[in-house]
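Novice: Questions regarding the structure given below will be posed in turn.
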Amino acid sequence: MTKLRPWGVLALLATLAGCPDDEPAEPAWAVVASGLDEAVLSIAGTAADDVWAVGADQGAGPLVVHYDGVAWTRMATGHTGNLWWAHAFAPDDVFFGGASGAILRWDGTTFTRMDTPGLGRQTVFGLWGASPDSVYAVGGFAGRAGFIWRWDGTAWRVLEVPRDIPLSANGDWPGFFKVWGDATGRVWVVGGRGLVLRADDGETFEVVESGVETSLFTVTGDDERVVIVGGSANCTLLEADGDGALVDRTPPLTPLIQGVDLAGDEGWASGQGGVLLHREDGEWAEVDHELDFRIQSLHAVWIDPDGGVWTGGGNVLETSLDGGGILHRGPAVPAYVPTPDPEMPDMGVPPVECPEVDPAGPDASIARRWNEVLLDAIRRDIPRPGVHARNLYHLSAAMWDAWAAYDAVADGVFVGERLTATDVDADRATAISHAAYRVLVHRYDDSRAALPGAAVSEACFRGFMEELGLDPDDASTEGTSPVALGNRIGAAVIAMNADDGANESGNYADTTGWDAMNPPLVVDQSTVELPFPSYWQQINIAEAETQNGLIVPSGIQGYIGAQWGEVRPFALEDRGPDGLYFDPGTPPTFDDPAMDEWVVSMVRHEAELAVDPAVTVDISPGGVGNNSLGTNDGSGHPVNPVTGEAYAPNVVPLGDFGRVLAEFWADGPRSETPPGHWNTLANYVADHPEHRRCLFGDAACLAGGTPELDPLEWDLKTYLALNGAVHDAAIVAWGTKRTFSGARPISLVRFMAQEGTLPLVPGLIERVTEESSAPGERHAHLAPFVGQIVVLGWPGEPGDRADDTTRIQWIRGVDWVPYQRRNFVTPAFPGYVSGHSTFSRAAAEVLAALDGDPFFPGGLGSFTAPAREYLIFEDGPSVEVRLEWGTYFDAADQAGQSRLWGGIHIPPDDLDGRRLGHEVGLLAVERARAHFDGSAVP
């Protein structure tokens with residue numbers, strides 16, 4: 001905490017020295033803070049020496065500063081996200097509301113996040129309470145879907161909005177911005193589009209006619225009157241005496257007003273451009289603070305019990321939420337000027353450090369160690385599956401070529417040199433490392449393109465070389481040393497693929513001139529404009545948190561990999577006239593007779609994410625899997641062929657299974673994406689104690705007549721075949737995506753719900769009626785939406801991802817979202833075909849061929865998701881979930897199925913992707929075999 005001592009002593013002494021016979025001087029305004037990094041969004045307190053100013057979070061936690069009558073102290077809350085409002089009951093009892101549905105409570109020592117009904121997309125904009133055991137919170141998201149919560153001293157609960165709340169042309173009610181109540185128990189709420197609500201009993205809200213259409217930002221009052229302020233280009237100021245109707249008391253030529261407070265007959269309001277209004281003798285008039293103080297808007301004002309006036313704001317009319325400032329009228333107070341903590345001197349930009357230089361450890365082969373280093377780099381990058389598959393393939397080929405240079409038979413992929421060495425093992429390891437290093441530092445060179453995590457990854461590549469005792473700066477290429485060989489191979493891989501169609505030099509931007517057929521879908525809005533519903537629609541995932549729900553253009557997803565069908569492959573040959581290597585069959589279109597069934601299946605999958613201990617499924621290899629290619633017709637394997645016994649049942653809640661499945665195979669933030677995921681599975685297989693390194697299931701090797709491959713040779717051959725396959729799978733899948741541009745479920749579900757064409761299924765997809773929305777009925781919380789289609793769905797990630805789980809509930813169909821992170825939602829490329837399915841089947845074909853057996857070692861592969869620890873954007877699963885697979889194909893099918901649970905793909909995307917992956921995998925195996933046996937190069 002940083003203490004700032006009073007700087008106003010001289011001003012205070014001057015005040016005290018005034019002549020006793022003088023008229024009391026009018027209190028002056030003074031600047032307490034200006035130019036803050038964070039906008040000030042609320043000022044509250046209990047006394048002139050107990051003042052809180054709170055606001056935006058610009059990366060160091062939300063602005064929370066406290067004045068104790070002597071000094072300002074910045075407080076660390078342990079919370080992230082903007083704080084929009086504060087309400088103080090006592091110095092040791094203060095409530096704060098803000099982003100991600102958060103309400104914090106200060107007890108004089110600690111900030112505690114309260115358990116609220118909030119979702120990650122919701123913001124608490126206002127708080128008020130008659131007592132610490134009766135507190136109201138209001139808010140919304142993206143300027144709509146206002147909510148009211150009430151704290152009764154034990155729990156927060158949702159209060160219903162009036163059935164007749166006005167809806168926009170889009171069918172939404174506005175966001176709610178502030179709440180206030182009087183001594184009689186009457187509670188007022190104000191919000192967008194001139195909305196005013198009142199609950200005379202504190203529970204049952206009714207619409208109050210305001211006579212205006214502008215946003216109303218703040219409400220306050222006393223026992224005699226209520227004052228409401230807001231506006232758009234100009235001010236709106238409404239007053240009501242007692243139970244009387246609201247009357248427009250707006251002063252002429254006044255800009256937008258955002259903050260207001262009353263104290264007896266006196267009142268103050270603040271707003272755009274730093275304007276201040278003073279209420280005196282029943283009239284509001286603008287007051288000049290006579291200060292050199294510039295600010296976009298003063299967002300909040302508070303009058304302390306001694307009559308001092310505090311107001312704060314900043315750039316609050318836009319998404320930046322910076323440029324904060326505070327003014328004060330009254331006795332002099334010290335300025336708040338943030339300064340670095342003297343215990344934490346500014347040391348400049350800290351050096352980049354690698355969190356883990358050698359994730360595989362020294363006992364692994366050198367190929368495995370470099371593979372794991374790249375997998376970590378992928379996790380630090382954005383999810384670009386094609387880019388990552390290409391890097392995995394080129395790393396694998398570079399390492400293979402370095403190994404093959406010392407082998408009399410094997411053919412290299414890009415370089416065919418032959419060398420001899422006294423210590424082949426040592427020279428191979430050195431050559432492999434230099435080749436790998438050259439490729440990776442080139443691909444993650446952030447001087448060419450700003451790649452996420454590039455600096456850390458470069459530090460890891462360099463650190464690993466140094467860990468190996470090698471000089472990363474030795475770039476020599478002349479001669480027969482292993483260093484020169486490795487550097488030559490790295491340079492060759494880079495040069496020979498510089499123009500392979502990926503547009504590496506252009507940071508992989510589209511080179512095909514793709515144009516969107518549909519306008520973007522704004523995820524936080526409930527309308528869908530989809531003129532061509534068969535085709536993919538980009539989404540805007542900007543996390544709008546301003547009160548007016550501003551959506552920033554930078555939130556629109558780009559098309560990742562539009563040109564990827566043109567990239568040079570590993571084993572693919574003979575493209576057809578349409579530019580595709582394989583015919584995927586008939587793509588799904590909106591007018592397909594099966595489309596209704598496919599879309600309903602998406603809603604059903606999400607509804608089945610409800611975690612109910614009574615609704616279970618056996619997910620053992622004996623209960624699921626064993627499908628024919630491109631189908632879900634299997635019912636499990638009768639026995640484990642290794643043990644000869646039936647698989648033990650593995651019964652878990654269906655909802656937990658679906659949530660874990662969607663997370664395990666995800667390709668969102670911090671994922672190694674499907675190409676990398678199959679590398680982790682290949683490494684898992686290689687580490688299995690029952691695994692035999694008998695290439696292609698060689699019978700003599702399995703019988704013990706010939707030796708197994710050494711770990712390095714096995715790893716290199718696995719990586720070449722596997723990553724050649726996933727590289728080609730990316731080319732095939734993304735070429736198909738570019739050709740057919742299939743729609744994603746979020747567009748289809750929302751559009752059909754909006755148009756009223758989503759098939760009704762009792763208990764799953766219904767239309768709101770007067771009866772179904774009556775108090776106590778299943779759609780009661782959706783009463784304003786009579787006639788609209790609603791679905792059982794997941795409304796979004798919880799506000800407190802570490803400790804909460806969002807339940808499945810009835811939501812509007814136009815608000816349906818996939819079971820994904822709020823900052824991801826759905827991949828940034830078309831749906832048909834599924835990359836997951838194509839990657840996974842291709843990889844499974846490779847692993848099955850290399851082992852000569854489709855079954856995992858021991859007949860069982862598995863992954864355990866621990867209870868309450870595994871899910872990233874929720875608390876879960878509720879119990880331990882152990883994913884199990886009998887064969888590599890079972891795992892591949894499950895990867896494709898996971899995209900249905902995650903709301904990412906409709907069924908044909910998955911099934912056709914599996915068929916394409918099958919073809920890709922077989923070709924990759926044969927191409928790799930030719931490099932192994934020396935028949936690849938004539």
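Novice: For the range 203-227, give me each residue that is of a type outside the set (A, V, I, L, M, F, W, C), assigned to a loop (DSSP other than H, G, I, E, B) and touching a Leu at 6+ places or on another chain (Cβ under 6 Å).
Specialist: Ser210, Asp222
Novice: Same structure, new question: I'd like the residue in the range 45-100 that is among the hydrophobic types (A, V, I, L, M, F, W, C) and not in a strand (DSSP E or B) and, out of all such residues, is farthest from Gly313 (Cα to Cα).
Specialist: Val70
Novice: Between a first residue in the range 577-598 that is over 19 Å from Gln897 (Cα atoms) and touching a residue at least 12 places away in the same chain (Cβ under 8 Å) and a second residue that is surrounded by 12 or more Cβ atoms within 10 Å (Cβ to Cβ) and among the polar types (S, T, N, Q), which pairs have beta carbons less than 8 Å apart while being 6 or more apart in sequence or on different chains?
Specialist: These pairs meet every condition: Asp578/Thr739; Gly579/Thr739; Leu580/Thr736; Leu580/Thr739; Thr589/Ser534; Phe590/Ser534; Asp591/Ser534.
Novice: If you don't mind, another one. Looking for whichever is touching a residue at least 12 places away in the same chain (Cβ under 8 Å), within 19 Å of Val260 (Cα to Cα) and either surrounded by fewer than 15 Cβ atoms within 10 Å (Cβ to Cβ) or in contact with a Phe, Trp or Tyr (Cβ under 6 Å, 6 or more places away or on another chain) (or both) here; the options are Gly185, Gly126, Gly108. Which one fits?
Specialist: On inspection, the qualifying residue turns out to be Gly126.
Novice: Taking into account only those residues within the range 784-807 that are closer than 23 Å to Leu521 by Cα and of a type in the set (A, V, I, L, M, F, W, C), which is farthest from the chain's Cα centre (by Cα)?
Specialist: Filtering the range 784-807 for residues that are closer than 23 Å to Leu521 by Cα and of a type in the set (A, V, I, L, M, F, W, C), the one farthest from the chain's Cα centre (by Cα) comes out as Phe785.
Novice: Same structure again: From the list Pro866, Pro857, Pro908, exactly one residue is on the phi < 0 side of the Ramachandran plot and under 25 Å from the mean Cα position of the chain (by Cα). Which is it?
Specialist: Answer to the check: Pro866.
Novice: Give me the residue from the range 176-202 that is charged (D, E, K, R) and not in a loop (DSSP other than H, G, I, E, B) and, out of that set, nearest to the chain's Cα centre (by Cα).
Specialist: Looking at residues that are charged (D, E, K, R) and not in a loop (DSSP other than H, G, I, E, B), I get Lys178.
Novice: List every residue pair whose Cβ atoms lie under 6 Å apart, where the two residues are 6 or more positions apart in sequence or sit on different chains, the first residue falls within the range 508-533 and is more than 22 Å from Gly561 (Cα to Cα), and the second residue, located anywhere, is surrounded by 20 or more Cβ atoms within 10 Å (Cβ to Cβ) and among the basic types (Lys, Arg).
Specialist: As it stands, the answer is Val528/Arg750, since those pairs meet every condition given.
Novice: Would you mind telling me which numbered condition in (1) within 19 Å of Thr311 (Cβ to Cβ); (2) among the hydrophobic types (A, V, I, L, M, F, W, C); (3) touching a Lys or Arg at 6+ places or on another chain (Cβ under 6 Å) Trp52 fails?
Specialist: (3)
Novice: Taking the conditions exactly as written (surrounded by fewer than 18 Cβ atoms within 10 Å (Cβ to Cβ) and of a type in the set (S, T, N, Q)), does Thr422 satisfy them or not?
Specialist: Here the answer is yes, as Thr422 does meet what is asked.
Novice: Of (1) surrounded by 19 or more Cβ atoms within 10 Å (Cβ to Cβ); (2) in a helix (DSSP H, G or I); (3) at pLDDT 95 or above, Pro674 satisfies all except one. Which?
Specialist: So Pro674 meets the others, but not (3).
Novice: So if I check each of Gly787, Gly796, Gly813, Gly776, which one is at negative phi and at pLDDT 95 or above?
Specialist: Gly813
Novice: It is to be established whether one or more residues within the range 277-294 are without any contact (Cβ under 8 Å) to a residue 12 or more places away in the chain, farther than 19 Å from Pro62 by Cα and not acidic (Asp, Glu).
Specialist: Scanning the range 277-294, I find at least one residue that is without any contact (Cβ under 8 Å) to a residue 12 or more places away in the chain, farther than 19 Å from Pro62 by Cα and not acidic (Asp, Glu), so the answer is yes.
One line per residue, one yes/no per condition, for (1) more than 31 Å from the chain's Cα centre (by Cα); (2) under 20 Å from Gly655 (Cα atoms); (3) of a type in the set (Asp, Glu):
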residue: His605; (1), (2), (3): no, yes, no
residue: Asp612; (1), (2), (3): no, yes, yes
residue: Thr616; (1), (2), (3): no, yes, no
residue: Gly622; (1), (2), (3): yes, yes, no
residue: Asn626; (1), (2), (3): yes, no, no
residue: Thr631; (1), (2), (3): yes, no, no
residue: Ser635; (1), (2), (3): yes, yes, no
residue: Pro641; (1), (2), (3): yes, no, no
residue: Gly644; (1), (2), (3): yes, no, no
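Novice: Let me ask something else. Residue under question is Ser601, and the condition is that it be at pLDDT 95 or above, hydroxyl-bearing (Ser, Thr, Tyr), under 35 Å from the mean Cα position of the chain (by Cα) and surrounded by 20 or more Cβ atoms within 10 Å (Cβ to Cβ); does it hold?
Specialist: no
Condition check ((1) closer than 26 Å to Thr80 by Cα; (2) aromatic (Phe, Trp, Tyr); (3) surrounded by fewer than 24 Cβ atoms within 10 Å (Cβ to Cβ)) across all residues:
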position	(1), (2), (3)
Phe785	no, yes, yes
Gln788	no, no, yes
Ala802	yes, no, yes
Pro818	yes, no, no
Gly835	no, no, no
Val846	no, no, no
Ala849	no, no, yes
Pro854	no, no, yes
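Novice: Next up: Can you tell me which residues in the range 861-891 are of a type in the set (Gly, Ala, Ser) and either free of Cβ contacts under 8 Å to residues at least 24 places away in the same chain or farther than 13 Å from Phe664 by Cβ (or both)?
Specialist: Ser862, Ala867, Ser878, Gly886
Novice: Also: Cβ-Cβ distance below 8 Å, separation of 6 or more or different chains: which pairs start in the range 241-260 with a residue that is surrounded by fewer than 16 Cβ atoms within 10 Å (Cβ to Cβ) and end on one that is modelled with pLDDT of 90 or more and of a type in the set (S, T, N, Q)?
Specialist: Asp248/Thr236; Leu253/Asn234
Novice: In addition: Exactly one condition in (1) surrounded by fewer than 24 Cβ atoms within 10 Å (Cβ to Cβ); (2) under 25 Å from Ala828 (Cα atoms); (3) among the β-branched types (Val, Ile, Thr) is false for Val415; which is it?
Specialist: Looking at each condition in turn, Val415 falls short on (2).
Novice: Please go through the range 61-76 and pick out each residue that is under 21 Å from Gly325 (Cβ atoms) and either within 25 Å of the chain's Cα centre (by Cα) or surrounded by 22 or more Cβ atoms within 10 Å (Cβ to Cβ) (or both).
Specialist: The answer is Gly61, Pro62, Leu63, Val64, Val65, Tyr67, Trp72.
Novice: For the range 746-765, how many residues are buried (at least 20 other Cβ atoms within 10 Å of the Cβ) and more than 16 Å from Phe532 (Cβ to Cβ)?
Specialist: Residues that pass the stated criteria total 4.
Novice: If I ask for residues that are of a type in the set (Ser, Thr, Tyr) and over 10 Å from Ala377 (Cα atoms), which ones from the range 424-463 would you list?
Specialist: Listed by number, the residues that qualify are Thr430, Ser433, Tyr437, Ser447.
Novice: Inspect the range 199-211 for any residue being of a type in the set (S, T, N, Q), assigned by the TED database to the domain that holds Asp182, loosely packed, with under 15 Cβ neighbours inside 10 Å and more than 28 Å from Val54 (Cα to Cα) and give the result as yes or no.
Specialist: yes
Novice: Ok, one more. Is at least one residue of the range 740-752 touching a Lys or Arg at 6+ places or on another chain (Cβ under 9 Å) and either assigned to a loop (DSSP other than H, G, I, E, B) or farther than 30 Å from Pro908 by Cα (or both)?
Specialist: no
Novice: Identify, from the list Ser620, Ser628, the residue that is surrounded by fewer than 14 Cβ atoms within 10 Å (Cβ to Cβ), small (Gly, Ala, Ser) and in a loop (DSSP other than H, G, I, E, B).
Specialist: Being surrounded by fewer than 14 Cβ atoms within 10 Å (Cβ to Cβ), small (Gly, Ala, Ser) and in a loop (DSSP other than H, G, I, E, B) holds for just one of Ser620, Ser628, which is Ser628.
Novice: Continuing with this model, one more query. If you scan the range 129-162, which residues turn out to be free of Cβ contacts under 8 Å to residues at least 60 places away in the same chain and outside any strand (DSSP E or B)?
Specialist: Hits for the range 129-162 are Pro132, Asp133, Asp152, Gly153, Thr154, Ala155.
The values are calculated or read from the model by the stated rules, or taken from the named source; none is laboratory data. Just so we're clear, the structure is a prediction, and the values are computed from it rather than from any experiment. Cβ atoms come from the backbone with ideal geometry, glycine included; neighbour counts cover every protein chain shown.
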